Amino acid sequence: MQPPSAAIPFALVLLRLGLGALLLHESSQLWARGIGPWIVEETAERIVGAPEWYATFANELVYRFPELFARLIAGGTLLGGAALFIGAAVRPACVGIVFLMANALLVGPRAEREYIALVGLAAIACLLGNAGVRMGADAWLPSWLSWTSAGGGRGKGSQSAGHKQGASQDA
């Protein structure tokens, strides 16, 4: 039987690497322009079109601390991109990226919504496909950190005894 990492298509590895590089590029552009409250404040005019619960959240928390949330956005983009690119803690990183993209869909520029949705969908594919196990650091990280099956993608110990028995009974 093949180890779990061999079952992950190489196309998913390319998606993970490409998404990581894209997010690193986006992050470098944010950092080059200077991290500041402008990142959050520029969304204020678009909050009008957001659902009421989100507008309340933004007005009562996010807009009160724009510097903090700007740093969270820039830091999340940087860390998410780096994690995807090296394949470390891919699943937790993808959850964060999906959260960032969901927020961006609600208050981001309308002209970028398709791009934002595509980034979010690619992160979901990497999350569900366990993209860090093949050709990534998740293969060596402990399962509690990478959210993978026991033992990462190393193969040994990554299947439960019940699953192995079921596989031999099907043969």
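Throughout, read-outs are computed from the coordinates displayed, never taken from laboratory work. Computed from a predicted model, the values in this text were never measured in an experiment. Reconstructed Cβ throughout: ideal geometry from the backbone, glycine too, with neighbour counts over all protein chains shown.
Students often get this wrong: which residues of region 76-90 have the backbone nitrogen under 18 Å from the point 7 angstrom along Cα-to-C-beta of residue 25?
Label zone hits: 77-86.
Going highest first, how would you order 126-132, 40-46, 13-19 by mean Cβ packing within 10 Å?
Most protected by this proxy first, the peptides run 126-132, 13-19, 40-46.
Rounded to the nearest 0.05, what FRET efficiency do residue 145 and residue 48 give with R0 = 30 Å and r taken as the Cβ-Cβ distance? Could you check? Each step should come with its number before you reach the end.
Values: r = 40 Å, r/R0 = 1.35.
Efficiency computed from Cβ-Cβ geometry: 0.15.
Give me the number: length gained by fully extending residue 102 to residue 57, i.e. 0.36 nm times residue separation minus the C-alpha to C-alpha distance, one decimal in nm.
Working: separation 45, 0.36 × 45 = 16.20 nm, distance 1.40 nm.
This chain segment gains 14.8 nm when fully extended.
Rg and Dmax of region 8-170, Cα atoms, in Å?
Cα radius of gyration and Dmax of region 8-170 are 18.5, 61 Å respectively.
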